[in-house]
Every structure is written in structure tokens, then in C-alpha cells.
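The values are calculated or read from the model by the stated rules, or taken from the named source; none is laboratory data. What you see is a predicted model; the values in this text were computed from it and never measured. Note that we place each Cβ from the backbone using ideal geometry, even for glycine, and neighbour counts take in every protein chain shown. For accessibility, only protein heavy atoms count, side chains too; no ligands or nucleic acids. Shrake-Rupley method; radii C 1.70, N 1.55, O 1.52, S 1.80 Å.
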Amino acid sequence: MKMTFRWYGEGDSIPLSYIRQIPNMSGVVTAVYDVPVGQVWDESKIARLKSLCDGAGLQMEVIESVPVHEDIKLGKPTRDKLIENYAQTIRNLGKYGVKCICYNFMPVFDWLRTDLRHENADGSTSLCYCHEELLRLDPKNLHLPGWDESYTPAQLNGLLEEYKGVSHEQLFDNLVYFLNGIMPACDETGIDMAIHPDDPPWDMFGLPRIIVDENSYEKMFAAVPDKHNGITFCTGSLGAGRFNDLPAMAAKYARRIYFAHIRQLKYGDGKDFAEAGHLTEAGSLDIYAIVKSLVSSGFDGYVRPDHGRNIWGEDGKPGYGLYDRALGAAYLNGLFEAIEKDMRK
């Protein structure tokens, strides 16, 4: 296991020197953020990131993410050129020691929450999802926390219109087409692609979700069996679907899980949830059982603490403050160490 930490580049409020001080922190998970989706990442930008990480004593082996253009998801005629660009970005990243790319295939929205600063009983704030509140929103006039500036209303409505009539099967076929197009670059560079599950794992605003459960993974691996086609095992995204048995899934797919996002949820009514501290007792997911399943089944990938709360007066980027994620890393380090030592007895 290699412990990592999400870092949003030079504009991140958390300096690399602070991340380096977290015990057992091997490297950061980052990306090039100023290249339009669909264009090739220039080597000079990748080299700049790599140099910054190296200078701080941190590895840059995981990229999250190289976004997939909507035209690829929609299966438009432009997709072949966009997939070619994506493959070239993979090759460029491979030159700088990248070993894993986390990506998603979610239409339009790569996550959905209804509150970015939900106040918890202990006074901390965290991301929160209320299903009824989401259902009350007008798809023609959406205002979503964290997404109001992602698209203009016209762009958003245009995308939603384009996805009308796109079935789950069509979207899945477009994922397979994409993967088949980039696997040669992955085979050439040794880079693993780790798909992130849909967040949350159910359809929204008529948009199909296709990476939501064990059946999704079985179908994907059957369609594209290449060893570089793998999983980002996000306990929060999968855990929002209470139908998912996370310890069992962790055990079954441990050797195809190249990246693990480990975070905690506290369930509310129905589909509602709020994000919580990483400790098992802090929420509804058995983090200990998940980690034990990963270790006992041969997981040897990258891990990062995910979606921390804002605590101790910190007013950081929602989900991505320093303090609670550092606490999460310490907790996860302890679980992995204890379980690994027990396994060697």
C-alpha cells in the first residue's frame, strides 16, 4: 500500500511541505488543471508538476484525473480524435513516472451534493446529500453546490438535452469503445486506468449511471479484460448505495483495485447521507472490515483519505481541507499496519 494525498496543484491552499509531514505519505495525487478537456497535456506542464513534487520529497505516480470529453461519452463522430488525444496524454504521463490514472465516465456531473457545508453535531462541516431536496430542483434551471460555475445554464441544458435517449447500454458501449481505444497506450506505458464509481450510484436528471455495483464491474471486466483496466474503489461513492457489500467487493476485486478512496458516510433517511470522519465508529461504513478485506485479498495499490470535514476552524475547500484528511491518513495507516502485522503472524 502507498498512502497518497490529493493536491490541486500550485493553486492549492495546502502546501506540499505540509503534506510531506503527514506520516507515511508517499506522494500526491494531482493533475494538470489548465488544459481544456479533450486536448493533449503538454509535457512541459507535466514536467513542472513532477519537479514540484520531487522537490518536496513526494512521488507523482497517480493522476486524478484526465477528464473524459462528453463527446466520447455521447459517442459522437469527434470521439476518435479525442480518444487519440487521451492516449497521447497517457504516453506523455508515462514519461514522467505516472503509474495510475483515476477517471470517471459520469455524464455531465462527476458528483452531486446538496450542501457543501452541512453542520454536524460536533460543529464540523462536511458534504451532504438530501435526495428529496435534489428531486425538487428544476432540471431546466439547476443551481447545484459546487457546480454553479461549471457550466453556463445554456451549456448545461444543452448537455442534458443531448443525453436524452442515451440508454445505459449505449453509455456502457461508449465506455468500452473508449477503453479499447486507450488500452494500447496503457500496455505501452504500463499505466493502469482506475475508473471511479458514479457518485452517488443512481440515475440523476435522466442521466444514466453505469458504474454503480458489482454487476457493473463484472460487465466491464468481461468486455475489456486487459489488466490495465481497473478500479478506483471509492467507499463513499459505492457506500452511498446501501445495496453494495463493500467488504465483499473489496475482497473480490482487490487485485484489480489500483486506487482506493477511503472515506466514511453517515446514513440519514432514505438515500440521504452526510460525510463523516474516517473512523468506523463515526459513520455507517465498516472501514476496518473494508481495509481487512483489501489486505487479506492481496491489495497492493494506492490509497488516499477522501473527503474530510472542515474542523478546528479551517475554512478549506469543501471535502479537501488539511486537518481531517491528515487525521484520516493517520487512522488508515494504523489500520493497514495492524492488519498487515496480524496477517504475518
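See the values below:
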| read-out | value |
| --- | --- |
| FRET efficiency estimate (nearest 0.05) - Cβ-Cβ, A223 to A121, R0 41 angstrom | 0.40 |
| Whole-number accessible area per residue in Å² for region 198-325, which is evaluated in the context of all protein chains at 1.4 Å | 35 |
| Debye intensity ratio I(q)/I(0), log10, the chain, q values 0.10, 0.13 Å⁻¹ (C-alpha model) | -0.58, -1.05 |
| Förster radius 35 Å - calculated FRET efficiency between E10 and D203 (Cβ-Cβ, nearest 0.05) | 0.40 |
| Point-to-point label distance, Q39-D80, nm (Cα→Cβ direction, 7 Å offset) | 2.4 |
| Peptides 210-222, 283-295 ordered by average Cβ neighbours within 10 Å, highest first | 283-295, 210-222 |
| Sparse-neighbourhood loop sites, chymotrypsin sites (Phe, Trp or Tyr not before Pro) in region 236-269 - DSSP loop, at most 12 other Cβ within 10 angstrom | F243 |
| For region 178-193 versus region 96-157, the gap between their alpha-carbon centres in whole angstrom | 29 |
| FRET efficiency estimate (nearest 0.05) - Cβ-Cβ, K164 to E133, R0 25 angstrom | 0.60 |
| Beta bridges by DSSP in the chain, antiparallel share as percent, to the nearest 5 | 30 |
| Out-of-range pairs (alpha-carbon distance over 27 Å; input K164/K252; K140/K271; K50/K341; K99/K219) | K164/K252; K50/K341 |
| Gain on full stretching of the segment that runs from Y267 to N215 - 0.36 nm per residue minus C-alpha separation | 16.4 nm |
| Pairwise centroid distance, computed over Cα atoms, of region 196-217 with region 37-61, Å | 30 |
